[in-house]
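Participant: Pasting a structure below so you can have a look.
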Amino acid sequence: MKTRSLLRSKGVAGLLVLAGGLGVAWVVGESGRIVLAQPGQASLAAGPAVTQGPQSATGRNVARVVAEQISARAVSELKARSPVITDRRTVALSRAETGWRLVKESQYQRAMLAFAEATELFPDDAAFLVGLGLCQHRLFRDDLAVTTLERAIRLDSSVGQAHKLLGDVDYRRGEVQTAIRHYETARRQDPNDVTLQARLVTAQRELQADAGFDRLYSSHFAVRFESSMDRRRVHEVASRLEIVYNKVGRTFSYFPVEPFLVILHPDRKFQDATLSPGWAGGLFDGKIHLPMRGITRDRQAAEKILSHEYTHALVDRLSGGHAPAWLSEGLALRLEGRADAWGREVLARHAAEVGPLNSLHGDFLELPPRRATVAYAQSYQATKALIRRYGMDRVRKLLQALSITPDFSSAFEAVCHDRYRDFDAAWFASQAQERF
Ligand SMILES: [Zn+2]
């Protein structure tokens, strides 16, 4: 279906549905998203050591330090192909090879470590830096990615992929014109890369659609809106998004630095632009889409929509895009402040349709409307059960672990010290008696 393929093509999608007082939401997960902990965020810094390690082992400081460590003498030794340097080169190539293998498996955190090691051994190898920059970009450290990739280009202006990745960084930031310039350079370097053509077409379409739009930047959001819209109302939305950023962030002890892109749609265009159904109150597909009137008319309803969609955005970054749909939806419903009894009441009416959680990892869009409502109710109930059993802090660590180990069962066992299938079975069995 058209809607589904659009949402899939965008990677991650979430819909907030406000129909008959029942909020329903959609998520389609895809790989490659996380933001690392920021220094000073104590609870995150206390997470798995690997989260902080790569961050401190990459970027401009390390590149500089490493470059200083490997002296000019070492380079001349390399030219002389001394055994020591040859060994070092072999090790570096091997680490880079590991990095590319991990990239294929979407294990960007581990891949970043491998490329950082390769770069330490050979700081002037542009291809290693491209690998490192790619991981930084996929891990939402675009500030580091830009530095790394620009350094790669300075070392070798024809190095493959660097301009394409810089284009991706700019595109994600909403800097479409600069993105197009990078894509065009990349296409001149590699005319056979068909993915570049697709990127160019998308970016050029967006640039055309951008005519008549303005942007407003708050601390953590870039809000795109039609120039004809009332700026005071846009300011108001941005202010409320910042409040939600802090509120939801406190729940997850997670405050990403890389800004989120928000698109404010005139109400008449929201459904067409997002291909969402009439009852959708908002949508997350990597960007947060909001209908203008829907979020400025009723303050309470708006608060729910903003909290719901921002939770999707945060879960997406924290988990690297690997959170199962039921968990992302359950958290979004919880953070929007859904009535506690809602899920229980829906499941009581549709007890025969309740299935195991492992059937709710992917696309809810496949489901017919009634089954979908049951799926959201299950998501809500199961997420509350998960939080009751393990605590919110453990749930956050579970999301964080998914960015390193995308397999949910493995991450669950590592963080919760229980088997996911046991949790799932216990939860499923408990539904009839509401014992959970
Ligand atoms: Zn949702």
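Participant: On a full-extension model of 0.36 nm per residue, what is the gain between His235 and Arg349, subtracting their alpha-carbon distance, rounded to one decimal in nm?
Facilitator: 36.8 nm
Participant: Can you tell me how much longer the chain between Ala301 and Val257 gets when fully stretched, taken as 0.36 nm per residue apart minus their C-alpha distance, in nm with one decimal?
Facilitator: Roughly 13.1 nm would be gained on extension.
Participant: Next question, about the same structure. Within 10 Å of each candidate Cβ there may be at most 16 other Cβ atoms; applying that plus a DSSP loop requirement, which chymotrypsin sites (Phe, Trp or Tyr not before Pro) in the range 227-331 survive?
Facilitator: Those satisfying the criteria are Trp279.
Participant: Next question, about the same structure. Once you put a point 7 Å from the Cα of Ala426 and another 7 Å from the Cα of Ser359, both along the Cβ direction, what distance in nm separates them?
Facilitator: The two pseudo-label positions are separated by 2.2 nm.
Participant: Taking the beta-carbon count within 10 Å as an exposure proxy, list Trp342, Trp427 from fewest neighbours to most.
Facilitator: Starting with the residue having the fewest Cβ neighbours, the order is Trp342, Trp427.
Participant: Please work out the ratio of the alpha-carbon Rg of the range 304-436 to 2.2 N^0.38 Å and round it to two decimals.
Facilitator: Ratio of Rg to 2.2 N^0.38 Å for the range 304-436: 0.98.
Participant: Quick check: residue separation of Arg188 and Ala414 times 0.36 nm, minus the Cα distance between them. What number comes out in nm?
Facilitator: Value of the extension gain: 76.7 nm.
Participant: Related question: Report the local net charge at Arg188: Lys and Arg +1, Asp and Glu -1, summed over other residues whose C-beta lies under 12 Å from its C-beta.
Facilitator: 0
Participant: Per-residue counts of other Cβ atoms within 10 Å, averaged by peptide: what ranking do you get for 102-110, 202-210, highest first?
Facilitator: Highest mean packing first, the order is 102-110, 202-210.
Participant: If you take every residue apart from Arg334 with its C-beta less than 12 Å away from the C-beta of Arg334, what net charge results, scoring Lys and Arg +1 and Asp and Glu -1?
Facilitator: +1
Participant: Also, quick follow-up: Are any of the pairs Lys104/Lys304; Lys287/Lys397; Lys269/Lys304; Lys164/Lys397 more than 29 Å apart by Cα-Cα distance, and if so, which?
Facilitator: Where the Cα-Cα span goes over 29 Å, the pairs concerned are Lys104/Lys304; Lys164/Lys397.
Participant: On a straight-distance basis, which aspartates and glutamates could pair with Lys384 in a cross-link, Cα separation under 14 angstrom, same-chain partners fewer than 8 positions away excluded?
Facilitator: Excluding near neighbours in sequence, the set is Glu329, Glu336, Asp340, Asp393, Asp424, Glu434.
Participant: For the pair Val91 and Met392, how long in nm is the line joining their label points, each one 7 Å along Cα→Cβ?
Facilitator: 4.5 nm
Participant: Related question: So if the hydrodynamic radius of the range 166-252 is defined as the Kirkwood radius over C-alpha pairs, what does Stokes-Einstein give as its diffusion coefficient at 4 °C and 1.567 mPa s, in µm² per second?
Facilitator: 87 µm²/s
Participant: What nm distance separates the two modelled labels at Arg250 and Phe213, each placed 7 Å from Cα along Cα→Cβ?
Facilitator: Each label point lies 7 Å from its Cα, and together they span 3.3 nm.
Participant: Using only Cα positions of the range 221-290, each an equal point scatterer, no hydration layer, compute I(q)/I(0) via Debye at q = 0.19 Å⁻¹ and quote the log10 values to two decimals.
Facilitator: Log-scaled intensity ratios, in q order: -0.84.
Participant: What relative contact order, as a whole-number percentage, does the range 104-215 give when Cα pairs under 8 Å and 6 or more residues apart are counted?
Facilitator: The normalised contact order for the range 104-215 reaches 17 percent.
Participant: Identify the GluC sites (Glu not before Pro) of the range 311-394 meeting these criteria: DSSP loop state and at most 15 other C-beta atoms within 10 Å of the C-beta.
Facilitator: none
Just so you know, all these numbers are worked out from the coordinates, no wet-lab data involved. Keep in mind that this is a model prediction, so the values were computed, not measured. Every residue, glycine among them, receives a Cβ derived from its backbone with ideal geometry; neighbour counts consider all protein chains shown.
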